[in-house]
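Novice: Handing you this structure, nothing more for now.
The values are calculated or read from the model by the stated rules, or taken from the named source; none is laboratory data. Since the model is a prediction, treat every value here as computed from it, not as a measurement. Counting neighbours? That spans all protein chains shown, and the Cβs are built from the backbone with ideal geometry, glycine included. Accessible surface is based on the protein model in full, side chains and every heavy atom, while ligands, DNA and RNA are left aside. Shrake-Rupley method; radii C 1.70, N 1.55, O 1.52, S 1.80 Å.
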Amino acid sequence: MKNLKTHNRHTTVLWLLSAAIFALVLCADLSVASTFKKTNSYMVTNLETIDDDLYVWSNRFQLQGLINGDLACFAYIASQQGEVTQSANYFGRKIDHSGKVGGTLRIFAEEIEVSGYVGRSALLFGSEVSVAQGAVIERDLNIFGANVMIDGAIKGNLKAEARRIEISGVIAGDVTLNADEITIVPPAVIIGKLTYTSKNEAVIDSAKGVTISGGTSWLLPSEDEEKKEEDEDRYTSLVLRISSIFAAFLFGIIVVRLFRPYAEESFSQLHNRFSVAVAAGLLGIVMLLLCVIVLIFALATMIAGMVVINTDAAPFGALILIFSLLMVPITSFLSITGAIIFYSGKIVAALVIGYLIIGRVKQGSQPLSKSALFLGLILVYAMFALPYVGLVIYILVSVIGAGAIILGIKHCRRPLNLDGTDRPLPNDPPPVTPPPLVPPSSGIA
């Protein structure tokens, strides 16, 4: 499991870096002798020859011809049956290589299948990685993945890190594996030495024909590595929580600025009518769940109506479709609105908590100040992080805050003052009425 977590972190970083670099390359106005293709679908047919480096940005890419140069392809789905005389670099979701690459092959994708020829080394980084039968890699192979299957021929060394690894191919060099589950089945042949790191002993069917000439070495994960993984997990969790706090802080500032009257009224309702806000929040959650249930039912009836309308009961199917077409937009809007209100509930709760704390230290503090919001968010997120009860606190805070927002929307009917200023909150001091003007004495007795 720790290997999978490390793989996911590495995948995110490499995807972002490779996407950014590739986008810069494609968007730049370069005068060098290279061919750039940016289209929805692009194919190099078996009758075409590109005597140049090729850069492709496409939804689908297929190579059947010849590229006398390097290839850099960023595509959702890509397949290669043709030849690249130099190196090939693929970035996408599903990459299938069954052709020929004269240089190095690098693939970063979710699903990878290699069954062709690679003249030098290969680097494969994905979730599902398969080096199928018929694949030939002249030098080393490095793999980072979740599920890895190797059935081809590797003439150099193999290094693989994954959650599960299965080998049934031929490796001429040394093999270094790091995985939770390792299986080596016939007709696998490893001419070099096998070294693997795992909590579980590898399953090696030597009696059925598996050959390992250089011997086998099993290493258990060290305590230092496990501690390092735990520290990295804690660091990642801390970064995510801090990011969530700043995201909620920015969201709260935007909401207060755009909908200040509603924010003021929601603050007032939670501060002065706490029990009513709790009741409104519980009622709102019930209504949100009902909307989601009705939405799911409407989607199901839409599918049923499409099936029934093509039968003898077409009028009944038409009625079902009309009902679903009316209910899906309404329930979708209400569900999304309810989810936004539920998320914003902790913003209102944080404002009230921060205001109450700052008010004890500093007189005359503003209810909707940024400092109150930030302090309140830090406190509520600290409570969310508590073991066992953190989720319960999160639900309660969000529900109560959502109830205050519902009451705020309901009671926010009073317009702004004639001069455009915001109406005062209930806790603000009453305005001072100036004394009536007295006409000056004329000096005549």
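Novice: Here is a list: ILE347, ILE336. Which entry is among the β-branched types (Val, Ile, Thr) and open to solvent by 30 Å² or more (accessible area, probe 1.4 Å)?
Specialist: Matching residue, one of ILE347, ILE336: ILE336.
Novice: Of the conditions (1) more than 24 Å from the chain's Cα centre (by Cα); (2) in a helix (DSSP H, G or I), PRO387 fails just one. Which one is it?
Specialist: Every condition holds for PRO387 apart from (2).
Novice: Of the residues GLU83, GLU48, which is at pLDDT 95 or above, of a type in the set (Asp, Glu), more than 27 Å from the chain's Cα centre (by Cα) and over 29 Å from GLU181 (Cβ atoms)?
Specialist: One residue alone meets the criteria, GLU83.
Novice: Which residues, taken from the range 182-210, are farther than 12 Å from ILE167 by Cβ and not basic (Lys, Arg)?
Specialist: ILE191, GLY192, THR195, THR197, SER198, ASN200, GLU201, SER206, ALA207, GLY209
Novice: Within the range 10-28, is there a residue that is at pLDDT 85 or above, at negative phi and exposed (fewer than 15 other Cβ atoms within 10 Å of the Cβ)?
Specialist: No, because not a single residue in the range 10-28 is at pLDDT 85 or above, at negative phi and exposed (fewer than 15 other Cβ atoms within 10 Å of the Cβ).
Novice: Quick check on my filter: what residues within the range 162-183 are under 22 Å from GLY116 (Cα atoms) and part of a strand (DSSP E or B)?
Specialist: Result: ILE165, GLU166, ILE167, VAL170, ILE171, VAL175.
Novice: Scan the range 366-411 for residues that are over 18 Å from ILE285 (Cβ atoms) and in contact (Cβ under 8 Å) with a residue 40 or more places away in the chain and jot them down.
Specialist: PRO367, LEU368, LYS370, LEU373, PHE374, LEU377, ILE378, TYR381, ALA385, HIS411
Novice: Since LYS208 meets every condition but one in (1) of a type in the set (Lys, Arg); (2) closer than 26 Å to ALA75 by Cβ; (3) more than 35 Å from the chain's Cα centre (by Cα), which condition does it not meet?
Specialist: (2)
Novice: Filter the range 147-158 down to residues that are under 28 Å from the mean Cα position of the chain (by Cα) and open to solvent by 10 Å² or more (accessible area, probe 1.4 Å) and give me whichever is nearest to GLY116 (Cα to Cα).
Specialist: Among those residues, the one meeting the criterion is MET149.
Novice: Also: Which one is modelled with the highest pLDDT, of the residues in the range 400-420 that are part of a loop (DSSP other than H, G, I, E, B) and open to solvent by 60 Å² or more (accessible area, probe 1.4 Å)?
Specialist: ARG413
Novice: Filter the range 358-391 down to residues that are among the β-branched types (Val, Ile, Thr) and open to solvent by 80 Å² or more (accessible area, probe 1.4 Å), then give me how many there are.
Specialist: 1
Novice: Could you check the range 264-321 and list, in sequence order, the residues that are without any contact (Cβ under 8 Å) to a residue 12 or more places away in the chain, open to solvent by 50 Å² or more (accessible area, probe 1.4 Å) and small (Gly, Ala, Ser)?
Specialist: SER275, ALA300
Novice: Take the residues in the range 75-90 that are open to solvent by 50 Å² or more (accessible area, probe 1.4 Å) and either of a type in the set (D, E, K, R) or outside any strand (DSSP E or B) (or both); name whichever of them is farthest from VAL44 (Cα to Cα).
Specialist: Residue satisfying both the conditions and the ranking: GLN86.
Novice: So, one more: Given the structure, is ARG164 closer than 20 Å to ASP96 by Cα, free of Cβ contacts under 8 Å to residues at least 40 places away in the same chain and open to solvent by 50 Å² or more (accessible area, probe 1.4 Å)?
Specialist: Against the criterion (closer than 20 Å to ASP96 by Cα, free of Cβ contacts under 8 Å to residues at least 40 places away in the same chain and open to solvent by 50 Å² or more (accessible area, probe 1.4 Å)), ARG164 does not qualify.
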